[in-house]
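None of the figures in this text is laboratory data; all of them are computed from the coordinates on show. No experiment lies behind these values; they were computed from the predicted model shown. Every residue, glycine among them, receives a Cβ derived from its backbone with ideal geometry; neighbour counts consider all protein chains shown.
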Amino acid sequence: MHSAAQISTISYCSLEGIALNQIKITRKDMGSNSIKQLPQPAKKAEFEDKFGLFGDSQAILQVIEIIEQVAPTNIAVLLIGESGTGKEVVARAIQGKSQRKDRPFIVVNCAAIPEGILESELFGHEKGAFTGAIGIRKGYFELADGGTIFLDEIGEMPLNTQSKLLRILEGGQFMRVGGSETRTVDVRVIAATNRNLEEAVRKEEFRHDLFFRLNAVKIVLPPLRERKSDIRKLSNKFAQDFCRENKIEFQGFTEQAFEILENHHWPGNIRELKNQIESMIVLEKGQRINEQNIRKYIPVDFYAERNMPIPLKKSPEQAERELIYSALLDLKHEIVELRQIILERIFPSRQLPTWSSHFPATYSEEEVIPKENGDHSQTMDDMEKNLILEALRRNGGSKRKAAKQLNISERTLYRKIKEYDLPY
Ligand SMILES: Nc1ncnc2c1ncn2[C@@H]1O[C@H](COP(=O)(O)OP(=O)(O)OP(=O)(O)O)[C@@H](O)[C@H]1O
Ligand SMILES: [Mg+2]
């Protein structure tokens, strides 16, 4: 678990032969590296209005304070957090609070670009550099000159590209692929990962010198389940924005509904919360979200909730009964989901309802067994697409987890998402 203290980590390293003086930004450049005070309400409002960064938790308040400190400098920043925790929002806020705010901000997802072309995408290429390089092409670093480049999923960057990135971080210098001329750019680098980079360094998949340089300022964004106090504010904000945009009259959430939202595990973090709020509002037609209707979308999360301490006002017997009940509900949910997957495979074109209390408990034989000359039109592609969608849905949109479950690389998953134009 990340403590609030970890979130405020701004460290300067002199580890394994990297001398402090190699890090050009000094403490003086950044003012103090200690968190003196938490943001004033006006400052918080600015982050909400300008950068869409909401939250009342200690974690978010400290993140805002660190952004204020690092934004005016050129120091590289490493953002660490699970999928959907707000790494891109924070990166944009750093750019927005810096003198580079009117210059380009370029997002590069290192996991989504095929390894073979990542280098030419980043640094550009000269004519004839490789088959198909019919002309000169500027890379993202040249295009971002004067601004900021956000390298998402930096842990997926191949080792040879990492050494070129290190050179740019140290002196702004690079060469286009196939070129011989050294070029210079002024680009601030913000990197993000949801991978344990220390472990990647140990496995020699990530350069230790690049890691130390990036890790000089790190901001850890804790998962949503560890900052429950943000959930109400975020839910209200997402509901308001969505209803305003879609002209929906929404009756709001009951206290019990908020409690359910606060105790859910949220593997896909803020992104998942936002999607969930929006679909609940649409499917419930703006009605008040209460304990009953919310359970159609957020089934009892047995695995997360069984670790919860027994509330004092409940007797151990009552708590035990509730645990058994929640385990049974969970089991029921999984059986219904399995049925749904099987039926989706058999009747791919048919719109099946999502899990809900209205879901039929049994199916007739005609429904389950396809007729001899029934529709067998589901192709391999359809099946693959459905499997991928299902894995993403089950993992709250987390590509890392979905890829692991599907036993494919994250890069392949990104390619498939693009190929099938999936909404993730
Ligand atoms: N503090 C926040 N306040 C309001 N909305 C937020 C906040 N953090 C994130 N969001 C919203 O959650 C969604 C996911 O955020 P973002 O893309 O920044 O996450 P991420 O960590 O970069 O995810 P990934 O690892 O999948 O790329 C976006 O819709 C974003 O606007
Ligand atoms: Mg992102």
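Some values worked out for this structure:
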| read-out | value |
| --- | --- |
| Volume in Å³ per residue [convex hull over Cα atoms, computed for segment 379-424] | 60 Å³ |
| Placed amide H near K218: partners under 5 Å, 5+ positions off or other chain | S11, L78 |
| Footprinting exposure proxy for E82, E259 (fewest neighbouring C-beta atoms within 10 Å first) | E259, E82 |
| Dimensions in Å of segment 106-229 - Rg and Dmax from alpha carbons | 15.5, 55 |
| Of K203/K404; K43/K237; K237/K401; K274/K296; K274/K401, pairs whose Cα-Cα distance is over 25 Å | K237/K401 |
| Ascending count of other beta-carbon atoms within 10 Å, so fewest first, for E291, E249, E156 | E249, E291, E156 |
| Percent of Cα pairs exceeding the 26 Å cut-off, where the set is segment 27-184 | 35 percent |
